[in-house]
Amino acid sequence: MKATWIQEACQEPVPEDFHGGVKWQSPSNIAIVKYWGKKGRQLPQNPSVSLTLTACRTETSVFYEKSDRFGLRFSFEGKENGEFQTKIRDFLMEQIDYLPFVKQLDLHIKSRNTFPHSSGIASSASSMSALVMCLLDIERHLKGTPGIDLRKASFLSRLASGSACRSLFPVAALWGATDSMEGSSDEYAIPLETQIAPVFKSYRDSILIVSDAKKEVSSRAGHALMEHHPYATTRYATANNNVAGLLQVLKSGDLERFILITESEALQLHALMMCSEPSFILMKPNTLRIINAIREFRRETDIPVCFTLDAGPNVHVLYPDADAELVERFIMDELEPYCSHNQWIADRVGTGPANY
Ligand code: PMV
């Protein structure tokens, strides 16, 4: 018998013979101080701080049925997807000690992203955190316990995909042990919402799609480049300092210092890749044109707009909500022509995972 709450919770039809279903959406996040380099079991070499986004997110439904053995079917955007299915199966089997109830479930997972598939935006943070929220919600239903432990959700998301552990919290999150924050840990991220100046709670992030090609270097390969990197020690020390500085800035609302740290972190990430072995140049000519245009616009207008980059050519343009009208006009007039098919995504700081 299908419980009625499933029909209410899930707009999608419940597959035949499935007895329960949960659905969660979870956002992507943008790191201001970057995690680049890992150790042990998906532990970071340095702490990182991110802003939680809202428009770029993954919506995941998991239908489940009790079974005498584990079963999994996965479809992405309406189509069965073997590659993702294997990734999820591997993750579940590796972490089975933390999710023992899964052994007796037949799972049917359906997932979709709200951002274009070919936007070059990494989706592992949003997809893995959405999946973990679904799994812990199922555990909650099976055990009849209240609420989901976000620390456990962050811990498990980290094991699935490092930066995913930061997507669980509203506004901003810190992942990685640092003397600058009590309670910080390499094992999971912690929320920063209560320590953030109002200006950052509505911050804008317009994501300019310079290239919609698949990532040139996988995150896994990128982190591995740090293992014998000549600047690794200096990098980890700098990142620690930048986390300490950024935590102060996020509290005080000092936008000038925010810009210094944010842009320096983005360029360091790319500098590290440029001088690693093998070397990668992930910026494209239009990435540099956009960066130069942003700096010129900032000089001319005094509007505190700045950029950050992921491990790819796309540019995240960060600015206060109060300046949105002028900055969006600037993006449309001057930056859009540098974007692939004129594509950009108007995102902003958000509230973290939710039922949908
Ligand atoms: O979580 P991963 O393994 O995809 O690595 C993320 C790396 C960066 O996006 C470049 C930086 C970060 O902290 O998110």
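The values are calculated or read from the model by the stated rules, or taken from the named source; none is laboratory data. Please read these numbers as outputs of a predicted model, since none were measured by experiment. Note that each Cβ is placed from the backbone with ideal geometry, even for glycine, and that neighbours are counted across all protein chains shown.
Residue 238 fulfils the conditions (1) more than 20 Å from the chain's Cα centre (by Cα); (2) in contact (Cβ under 8 Å) with a residue 40 or more places away in the chain except for a single criterion, (2). Identify all residues within region 25-60 that are small (Gly, Ala, Ser), farther than 23 Å from residue 263 by Cβ and surrounded by 24 or more Cβ atoms within 10 Å (Cβ to Cβ); write none if there are none. Result: 26, single match. Mind checking which residues of region 1-24 are surrounded by fewer than 24 Cβ atoms within 10 Å (Cβ to Cβ) and either modelled with pLDDT of 95 or more or in contact with a helix residue (DSSP H, G or I) (Cβ under 7 Å, 6 or more places away or on another chain) (or both)? Result: 14, 20, 22, 23. The set of residues in region 262-275 being in a helix (DSSP H, G or I) and either more than 15 Å from residue 305 (Cβ to Cβ) or more than 14 Å from the ligand (Cβ to nearest atom) (or both) consists of 263, 264, 265, 267, 268, 269, 270, 271, 272, 273, 274.
Residue-wise test of (1) within 16 Å of the ligand (Cβ to nearest atom); (2) not hydroxyl-bearing (Ser, Thr, Tyr).
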position: 36; (1), (2): yes, yes
position: 48; (1), (2): yes, no
position: 52; (1), (2): yes, no
position: 58; (1), (2): yes, no
position: 82; (1), (2): no, yes
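Quick grid of which residues meet (1) under 19 Å from residue 177 (Cβ atoms); (2) at pLDDT 95 or above:
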{"position": "210", "(1), (2)": "no, yes"}
{"position": "216", "(1), (2)": "no, no"}
{"position": "230", "(1), (2)": "no, yes"}
{"position": "237", "(1), (2)": "yes, yes"}
{"position": "241", "(1), (2)": "yes, yes"}
{"position": "247", "(1), (2)": "yes, yes"}
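Take the conditions (1) away from the ligand (no atom under 16 Å from the Cβ); (2) closer than 29 Å to residue 37 by Cα; residue 153 misses just one of them, which is (1). Does region 236-255 contain any residue that is among the charged types (D, E, K, R), within 17 Å of residue 162 (Cβ to Cβ), assigned to a helix (DSSP H, G or I) and more than 11 Å from the ligand (Cβ to nearest atom)? No, that holds for no residue. Cβ separations smaller than 7 Å between residues 6+ apart or across chains give no pair from region 214-232 residues that are part of a helix (DSSP H, G or I) to residues that are hydroxyl-bearing (Ser, Thr, Tyr) and away from the ligand (no atom under 14 Å from the Cβ). Any idea which residue in region 40-79 is modelled with the highest pLDDT, counting only those that are hydroxyl-bearing (Ser, Thr, Tyr) and over 23 Å from the mean Cα position of the chain (by Cα)? My answer is 64.
Just so you know, in region 258-303 the residues that are touching an Asp or Glu at 6+ places or on another chain (Cβ under 7 Å) and surrounded by fewer than 20 Cβ atoms within 10 Å (Cβ to Cβ) include one that is farthest from residue 336 (Cα to Cα), and it is 280.
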